[in-house]
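Colleague: The structure that follows is given in the form of structure tokens.
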Amino acid sequence: MAADDLESFSLANPPAGFVDDPYPTYARLRAARPVHRLAPGSWLLTRHADVLAAYRHPALSSDKQAEFAPRLGAGSAIYQHHTTSLVFSDPPRHTRVRRLLMGALNQRAIARMEAPLVALVDGLLDRLADQAAPDLIQHFAAEIPVEVIGNLLAMPHAERGPLREWSLAILSALEPAPPPAVLARANAAVDEFCAALRGLVAERRRRPGDPEVDVLTRLIQGHAGNDGDGELTEAELLHNCIFLLNAGHETTTNLIGNGAHALLVHRAQWERLVAESALVGTAVEELLRFESPLQLNNRQAREDVTFSGVTLPAGSYITLGIAAANRDPAVFERPDELDIGREPNRHLAFGQGAHACSGMNVARLEGRLALGALAARYPRLALAGPPERDRRVRFRGFRRLPVQLG
Ligand code: HEM
């Protein structure tokens with residue numbers, strides 16, 4: 001990209017090559033235009049200090065009703081879904097839903113996930129050897145989170161088939177400029193997902209689970225079907241279940257897929273993990289930093305706010321550049337180098353502040369178990385052809401990652 005093109009850089013229409021490797025562009029923005037105007041009233045932050053300050057800023061709102069109405073169509077199913085999710089809500093709704101959810105995603109509930117997860121990963125690694133053309137996304141990474149979140153909501157296995165496609169369709173509507181076909185698929189996915197959940201909720205009402213560890217029971221028991229304080233409406237209940245499945249699904253698939261890919265193309269780091277399995281904890285943090293599955297978050301300023309000396313007026317839309325912040329040399333030594341022993345590692349892959357990822361310890365557990373077992377079982381693993389990258393700027397990952405097991 002030529003120097004004067006930096007000024008016109010837009011996430012809705014990024015230059016050729018950006019999706020393959022966005023980091024050089026982010027580096028130039030961070031150095032020359034750390035508060036970059038994407039469009040009238042819309043700004044991108046790329047410095048770690050600014051992104052962190054934005055996450056913690058009390059005047060930055062997560063409510064997306066004004067922003068999404070023209071883009072998604074006010075009244076559409078996909079609009080209702082996204083604007084009812086806790087991640088796109090401010091207090092008091094955000095506080096109510098988050099409290100219920102965090103209570104269920106506690107350390108005890110996470111510890112109970114470990115044994116079934118180890119067995120699941122082992123089974124998938126066994127079956128990988130039977131595949132004529134093993135694909136680390138389809139046959140491994142994508143299979144893990146859907147089971148974990150399905151188990152979390154105790155969703156019957158027979159109903160889990162469409163989850164991945166629904167999730168992809170619903171999240172694709174969050175791209176900066178979703179075309180009509182993408183929106184149509186997203187609306188259909190929300191309707192179908194809600195229909196499946198209504199049956200599940202009715203069943204759980206008849207036979208409640210243990211509210212200490214069962215998220216759905218916890219959400220239902222906080223739900224009394226009206227707008228009363230501390231309770232969830234029917235729409236809040238359904239849309240936050242959908243959100244939980246989506247939030248924990250594609251991001252974690254991409255942690256495992258991006259992680260495996262990064263390790264295989266930085267072969268010395270793969271060999272290091274194979275030789276020293278105790279590094280898996282810092283390796284997962286480094287992979288989250290190096291190829292963040294969620295590259296961007298968004299806020300809207302309720303009052304004037306200042307970042308890197310630039311004052312943005314109330315009403316401004318602000319994009320928080322997670323991926324850019326995670327390569328900021330002001331915070332990370334040799335930021336473009338993958339170092340699986342890196343410590344400390346103050347990456348922002350899970351966000352920060354009031355909306356910090358509620359499932360970060362679930363994701364970390366999945367990442368450690370999946371990548372640790374992969375390296376232990378197939379130390380000679382290698383890429384078997386060109387990977388197929390997902391072409392979105394917000395969610396970074398692969399659709400296919402062909403490998404040979406060695
Ligand atoms: C590697 C995997 C994951 C990544 C990179 C990730 C990233 C994020 C980020 C950056 C946010 C903050 C959004 C914002 O501030 O606007 C977030 C929120 C959230 N995540 Fe995750 N996430 C992952 C996995 C999970 C999992 C496994 C779950 C559930 C089991 C989950 C549940 C949530 C929830 C409920 C929120 C909303 C929190 C709130 O608004 O208060 N995430 N995630």
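Colleague: When the residues of segment 349-384 are narrowed to those that are closer than 27 Å to A169 by Cβ and of a type in the set (G, A, S), which ends up surrounded by the fewest Cβ atoms within 10 Å (Cβ to Cβ)?
Modeller: Filtering first and then ranking leaves A356.
Colleague: Going by the conditions given, is F140 closer than 25 Å to L219 by Cα and buried (at least 18 other Cβ atoms within 10 Å of the Cβ)?
Modeller: Taking the combined requirement at face value, the residue does not satisfy it.
Colleague: Residues being surrounded by 17 or more Cβ atoms within 10 Å (Cβ to Cβ) and assigned to a helix (DSSP H, G or I): count how many of those fall in segment 152-176.
Modeller: Residues meeting the conditions: 10.
Colleague: Within segment 164-203, count every residue that is of a type in the set (K, R) and under 17 Å from A235 (Cβ atoms).
Modeller: So in segment 164-203, the residues of a type in the set (K, R) come out as 164, 185, 198.
Adding the requirement that they be under 17 Å from A235 (Cβ atoms) leaves 198.
The total comes to 1.
Colleague: In segment 231-342, which strands (runs of 3 or more DSSP E) lie fully inside it and hold 1 or more residues that are near the ligand (Cβ under 10 Å from one of its atoms)? Steps first, please.
Modeller: Values: elements: 296-301, 305-307, 310-312, 317-321.
Qualifying strands (runs of 3 or more DSSP E): 296-301, 317-321.
Colleague: Please indicate, with yes or no, whether at least one residue in segment 339-348 is under 17 Å from Q269 (Cα atoms) and buried (at least 23 other Cβ atoms within 10 Å of the Cβ). First the steps, then the outcome.
Modeller: Keep residues of segment 339-348 that are under 17 Å from Q269 (Cα atoms), which gives 339-343, 345.
Among the residues that remain, those that are also buried (at least 23 other Cβ atoms within 10 Å of the Cβ) are: 340.
The answer is yes; a qualifying residue exists.
Colleague: Taking the condition of being among the aliphatic types (A, V, I, L, M) and touching a residue at least 40 places away in the same chain (Cβ under 8 Å), how many residues in segment 1-38 meet it?
Modeller: Of the residues in that region, 7 qualify.
Colleague: Is it the case that R56 is in contact with a helix residue (DSSP H, G or I) (Cβ under 6 Å, 6 or more places away or on another chain), under 16 Å from D304 (Cα atoms) and either at pLDDT 95 or above or not charged (D, E, K, R) (or both)?
Modeller: Values: in contact with a helix residue (DSSP H, G or I) (Cβ under 6 Å, 6 or more places away or on another chain): yes; under 16 Å from D304 (Cα atoms): yes; either at pLDDT 95 or above or not charged (D, E, K, R) (or both): yes.
Yes, satisfied.
Colleague: For segment 192-231, which residues satisfy the criterion of being surrounded by 19 or more Cβ atoms within 10 Å (Cβ to Cβ), at pLDDT below 90 and closer than 19 Å to G359 by Cβ?
Modeller: V213, D214, V215, L216, T217, R218, L219, G222, listed by residue number.
The values are calculated or read from the model by the stated rules, or taken from the named source; none is laboratory data. Keep in mind the model is a prediction, meaning the values are calculated, not measured. Here the Cβ is made from the backbone with ideal geometry for all residues, glycine too, and neighbour counts use every protein chain on show.
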